[in-house]
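Heads up: the structure comes next, in structure tokens.
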Amino acid sequence: MLEEEVALSTLKVAESMGKLLLAEVRLEERNSRQLAVKMGQVDSSSATQDTGMNVRIVLPTGIGFASANSISKADGKRLVEKAFRQAKNAKRRSAIALSAEPAVQTSWEVRERKPLADLSAEDKVDLIRRIDRAIMKTRIKVEGRYYELKDYEIGGYFANSEGAKIRSYLPRVTLDSHNLVKSKGDSAQCIRQWGASGGWEKVEEWGLEDAHVAEVRMLKKQLDQGRAVKPTTMDLVCGPEVAGIAAHESCGHPMEADRIIGREMSQAGRSFVSPDMLGKRIGSEYATVIDDPTVPGSYGYYPYDHEGVKARPRYLYKAGLINEFLHNRETASRLGTRSNGSSRAENYLREPIVRMANTFVAPGDFQDDEMIGSIKEGVLMHSFTEWNIDDKRYNQKYVSREAYFIKDGELGCPAKKVILEITTPGFWGAIDAVSKRIELTAAECGKGDPMQGMAVDTGGPMVRLRGVRLK
Amino acid sequence: MKALRDTAEELVEVARTAGARDVVCEVIESAVQQVRFSNSEIDAVNSWSEKHANLFVAIGKRTLVSDLRDLDRGESLAKELVASATRAPEVKGYGGIGTGRFKYGSRKADQGIAKLRDAPRFVLDAISGATSAGANNVGGTMFIRHHRTAIASSGGALATDETSSMDLSVRAFSQPEASGHALCCASRLASMKARETGERAGELSMKARNPVQGDEGKLDIIAEPLLTGSLMHFTADMLSALIVEIGQSMYGKKLGKQVASKEITLVDDPLMDSISRRSFDHEGVPTRRNVLIKNGVLKSLMHNTSTGKRFKTNTTANAGPLVPTLFSVTAQPEAFHPVIEAGDWSVEEMISETKDGLYLNNTWYTRFQNYSTGDFSTIPRDAILRIKDGEIVGAVKNIRISDNMMNFWKSVDALSKNSEEVYWWDEASPPSTLPVLRARAMNITRSA
């Protein structure tokens with residue numbers, strides 16, 4: 001049990017050090033288990049219990065952060081002294097300020113119908129072996145067949161010098177799956193992730209055997225029957241996975257306020273978005289992208305962020321306009337607004353920074369088949385493999401994993417390795433229809449220095465882009 | 001150090017007494033300080049102090065590993081781990097741990113770095129250097145690291161290692177779309193050249209001013225070590241035997257084959273003076289200099305004991321961390337310090353003998369369409385300078401290298417005589433020592 005007394009004692013020490021804008025203490029305990037299975041055989045397994053704490057001191061002269069992998073009043077005192085000294089030594093000319101936020105006192109938990117900790121290693125191995133056997137039964141040549149299953153529970157206690165006290169419990173489970181399908185001298189890779197907040201019941205909902213069988217059959221068909229696209233301009237329908245990666249990369253990231261003000265300039269980069277672009281057009285009226293941490297059961301779920309601010313849906317692009325940035329208290333103050341609860345840290349060893357949660361394109365009013373039915377000549381890019389984007393989040397590339405030609409409103413043969421290389425306004429401005437049905441995909445977003453992996457979902461419905469160049 | 005070594009030995013003994021046949025215990029004590037800066041000011045100063053032990057146990061083919069974070073309970077956690085290992089699934093491909101009468105090299109860590117408490121002053125020097133060279137907005141990070149490690153194993157490993165290092169990364173802007181990036185990696189305090197690093201980033205940012213839209217087509221590229229360091233991240237990964245096994249490598253079935261141009265000799269050298277120097281791998285086997293590619297021919301993959309047995313060879317002392325790490329395949333053999341042997345060109349000669357090309361400072365976001373074929377793209381950033389008829393004629397922007405990694409290495413025809421150690425974020429990682437290189441006729445693409 002994480003002791004409130006340690007946190008409160010640590011805050012008292014902080015307040016005794018001198019005038020400060022804010023002191024925060026976070027205590028954390030995490031139990032994690034990981035299993036790797038390669039070609040039907042277990043390759044490694046691990047189990048770790050971790051407890052630790054951090055202290056963040058905010059002074060006008062800078063921010064100091066110190067952490068240790070132990071929890072005690074003595075640790076708290078030592079960390080306060082260190083963080084206070086660091087914040088003081090930063091000697092900023094422009095003073096740091098924080099947005100005013102209510103001091104929340106609450107506790108929250110994600111409940112598990114089938115607690116992750118109750119699962120035996122055999123249960124987990126059995127799940128992955130069933131996936132592997134199902135793939136083998138297809139008689140398709142699939143190399144690699146590597147899976148990592150990870151589950152963990154994070155207990156947290158957060159308190160700050162303004163009176164916030166939040167206790168939390170968050171279980172998560174995720175599967176990484178790597179397969180390489182070979183056929184007729186060619187190959188296609190598939191690297192996918194599933195993830196959720198909750199218990200083992202989430203894993204049972206994923207339908208992993210069917211999903212993997214469908215995936216390898218699809219890849220074989222792409223290899224055997226796929227034809228290359230002749231570089232040209234045509235209509236494109238993006239499936240939920242492609243819409244989701246675009247939402248994450250060319251909307252979510254450039255709308256992170258820390259990036260906009262330059263805080264990540266030497267690592268993840270800056271943004272093509274500047275503070276004065278709020279309200280400016282970036283896409284068509286059908287381009288609405290939401291980042292919502294409160295989706296129940298989602299991989300990126302949280303009700304309060306790591307600064308104790310209540311989370312809520314953020315409409316980043318709204319009807320094609322730049323609408324709202326992702327903020328923590330520091331960036332919100334800098335840009336004259338309130339935090340929208342976007343501050344998260346990977347664990348107690350890292351400083352909280354602005355992060356996405358579950359980022360997706362908002363649904364429209366088309367049926368999926370209507371999206372394709374109105375296209376005379378085009379391509380459906382259902383899913384992607386290679387992707388990247390520049391560090392101002394303006395030039396992006398997606399290469400299809402699964403794609404099909406569309407002719408006179410009907411799906412045709414597979415289209416092989418279709419490349420969309422496009423600007424951000426080019427992508428969002430070309431959308432003229434969005435379907436009703438949303439799918440989310442789990443992902444691990446990387447940002448920060450040291451790198452912090454963060455549980456997120458990306459997704460959306462199908463989106464239709466008119467007249468884009470495909471290669 | 002003796003206390004760390006005693007802890008490692010004791011935990012090995014506890015685990016063996018509890019019934020484990022193979023045991024590796026690595027006790028790590030680290031103190032890391034980081035200064036983050038942007039907009040020419042310090043944003044945050046972070047520090048991390050950790051003491052923990054990675055404990056691996058095997059009972060027959062049943063293996064289990066844990067990061068023991070609470071060493072006050074080390075003995076009981078070790079016993080619990082062994083008890084859990086009896087219920088762990090069998091790892092059929094497990095081939096044991098390194099065994100032998102090991103001898104380890106030693107080298108002293110610079111205590112000047114270990115005791116350094118005034119990191120911000122280096123950062124202020126770097127900002128000042130960049131600004132004096134013409135930059136108007138400077139950001140980056142500075143790390144000061146001090147690690148003390150002890151390892152013991154049932155296979156005979158017993159050693160300690162101490163390292164201290166500093167690494168500074170400076171990105172300087174002279175215009176919103178004109179930047180330069182420079183690094184300094186130092187294992188000796190006297191080698192930290194903060195101001196000069198800032199100046200170099202600033203100078204590059206000035207050369208990158210007024211960039212114009214880059215064109216598609218085949219162009220020669222001259223790559224600074226920072227760019228090649230990012231590509232090395234993936235290349236080194238793919239030389240790991242476990243990555244080959246899971247089909248995510250272009251080096252499958254390529255031993256003895258030409259996988260790069262004759263100019264390329266790639267070694268992993270954990271013993272040279274660098275910020276990633278280490279005396280033993282994560283099984284406790286003494287590290288050594290491994291030639292991976294010799295004059296373009298693939299000579300060896302990197303192995304731990306298990307992959308070595310599966311590939312009918314020996315460990316190369318490249319056992320990676322036994323506990324899972326972010327964005328890596330668990331327990332994969334890994335490179336500690338890749339080195340490309342230098343050539344005999346000057347950078348000026350490379351530029352003057354390039355008719356139609358690009359001089360590239362940095363890249364990021366390298367992603368593969370297919371690891372097994374090597375098809376990839378990456379996005380150059382910071383100074384992207386256009387070369388025509390042997391001269392730099394201006395800066396460009398918004399381009400991407402969309403090519404094949406094997407083709408990239410096969411297209412290298414010139415290496416500089418000077419090398420630089422690079423380590424930047426999660427991109428140019430692990431730390432590597434690389435020359436400037438030229439690759440011919442790389443495919444350049446851009447957004448429509």
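Return a whole-number percent for the relative contact order of chain B, with Cα pairs under 8 Å and 6 or more residues apart as the contact set.
Working: 1272 pairs, mean separation 72.0, N = 448.
That works out to 16 percent.
What is the sum of charges around residue B:317, taking Lys and Arg as +1, Asp and Glu as -1, for the other residues whose C-beta is under 9 Å from the C-beta of residue B:317?
In short, -1.
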Report the Cα centroid-to-centroid distance between region B:178-236 and region A:105-133 in angstrom, as an integer.
45 Å
Enter the angle in degrees (range 0 to 90, nearest 10) between the Cα long axis of helix A:73-89 and the first principal axis of the Cα atoms of chain A, meaning the one along which they spread out most.
80 degrees
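Within region A:51-116, report the trypsin sites (Lys or Arg not before Pro) that DSSP leaves as loop and that have at most 13 other Cβ atoms within 10 Å. Mind dumping the intermediate values first?
On the way: sites: A:56, A:73, A:77, A:78, A:82, A:85, A:88, A:91, A:92, A:93, A:111, A:113; in loops: A:91, A:92, A:93, A:111, A:113.
Here the sparse-neighbourhood loop sites are A:91, A:93, A:111, A:113.
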What number in nm² do you get for region B:255-301 if you take the convex hull of its Cα atoms and divide its surface by four?
3.8 nm²
Scoring only Lys, Arg, Asp and Glu (+1, +1, -1, -1) among other residues with Cβ under 14 Å from the Cβ of residue A:138 yields +4
Which of A:240, A:121, A:223 sits closest to the plus end of the dipole of the protein assembly as shown, meaning its Cα is farthest towards the positive end, when Lys and Arg get +1 and Asp and Glu get -1 on the C-beta?
A:223
Computed over chain A: longest principal axis from alpha-carbon atoms vs helix A:208-225 long axis, angle to nearest 10 degrees, is 50 degrees
Euclidean distance between Cα centres, region A:246-325 to region A:387-447, Å:
19 Å
Please name which of A:98, A:183, A:154 has its Cα lying farthest along the dipole of region A:97-185 towards the positive end, using unit charges on Cβ (Lys, Arg +1; Asp, Glu -1) and the Cα centre as origin.
A:183
Taking every residue in B:60-71, how many Cβ atoms of other protein chains lie within 10 Å of its Cβ, on average?
5
Cα atoms only: what Rg and Dmax, in Å, come out for region B:2-204?
22.3, 65
In whole percent, the Cα-Cα distances of region A:1-97 spread across 5 Å bins from 0 upward as 3, 14, 20, 16, 12, 9, 7, 6, 5, 4, 2, 1
Once Lys and Arg get +1 and Asp and Glu get -1 on their Cβ, which of B:94, A:80, B:202 lies farthest toward the positive end of the dipole of the protein assembly as shown?
B:94
If each Cα of region B:289-378 is one equal point scatterer, what is log10 of I(q)/I(0) from the Debye formula at q = 0.17 Å⁻¹?
-1.05
Using only Cα atoms, what Kirkwood radius does region A:317-386 have, in angstroms?
16.0 Å
When the convex hull of the Cα atoms of the protein assembly as shown is projected onto a plane and the area is averaged over all directions, what value comes out in nm²?
33.1 nm²
Gap in Å between the Cα centre of region A:160-226 and the Cα centre of region B:67-83?
32 Å
log10 I(q)/I(0) for chain B, Debye formula on C-alpha points only (no solvent), q = 0.06, 0.08, 0.11 Å⁻¹, two decimals, reads -0.27, -0.49, -0.89
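Averaged over its residues, how many other protein chain Cβ atoms are within 10 Å of peptide B:133-146's Cβ atoms?
For this peptide, the per-residue mean of nearby foreign Cβ atoms is 2.
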Over 10 Å intervals from 0, what percent of Cα-Cα pairs in region A:227-470 sits in each interval?
8, 34, 35, 17, 6, 0
When you have a sec, figure out the Kirkwood radius of region A:354-457 from all distinct Cα pair distances and drop it here in Å to one decimal?
15.7 Å
How many percent of DSSP beta bridges within the protein assembly as shown run antiparallel, rounded to 5?
90 percent
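Using a 10 Å cut-off around each Cβ of peptide B:378-388, what is the average number of partner chain Cβ atoms that fall inside? List each step's numbers first, then the result.
Working: counts 1, 7, 1, 4, 2, 0, 0, 0, 0, 0, 0.
Across the residues of B:378-388, the mean count of other-chain Cβ atoms within 10 Å is 1.
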Given the Cα atoms of region B:211-448, and with Rh set as the inverse mean 1/r over their pairs in the Kirkwood sense, what is Rg to Rh to two decimals?
0.97
Once the convex hull of the alpha carbons of region A:4-225 is built, what does its volume come to per residue, in cubic angstrom?
178 Å³
Rounded to the nearest 20 debye, dipole of the protein assembly as shown from Cβ charges on Lys, Arg, Asp, Glu:
1020 debye
Placing +1 at every Lys and Arg Cβ and -1 at every Asp and Glu Cβ, with all other atoms neutral, what dipole size does region A:227-470 have around its Cα centre, in debye to the nearest 20?
420 debye
Given 5 Å bins starting at zero, what is the percent of C-alpha pairs of region B:98-140 in each, up to the one with the largest pair distance?
5, 16, 15, 11, 10, 10, 10, 6, 7, 6, 4, 1
Residues of region B:134-152 with amide N under 16 Å of the 7 Å Cα→Cβ point at residue B:326:
B:141-143
Write down the radius of gyration of chain A and its Dmax, each obtained from C-alpha positions, in Å.
23.5, 74
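Can you sort A:232, A:385 by how many other beta carbons sit within 10 Å, fewest first?
On the way: A:232 9, A:385 20.
Least crowded to most crowded, the residues run A:232, A:385.
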Note, residue B:79: beta-carbon cut-off 15 Å, +1 each Lys/Arg, -1 each Asp/Glu, net -3
Under 27 Å Cα to Cα from residue B:262, which lysines show up? Leave out anything in the same chain fewer than 8 places away.
B:218, B:253, B:254, B:294, B:299, B:355, B:388, B:410, B:417
Nearest 20 debye, what's the magnitude of the dipole of chain B about its Cα centre given +1 on Lys and Arg Cβ and -1 on Asp and Glu Cβ?
1100 debye
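Values quoted throughout were computed directly from the atomic coordinates according to the rules given, and no laboratory measurement underlies them. Model, not experiment: these values are computed from the prediction. Here the Cβ is made from the backbone with ideal geometry for all residues, glycine too, and neighbour counts use every protein chain on show.
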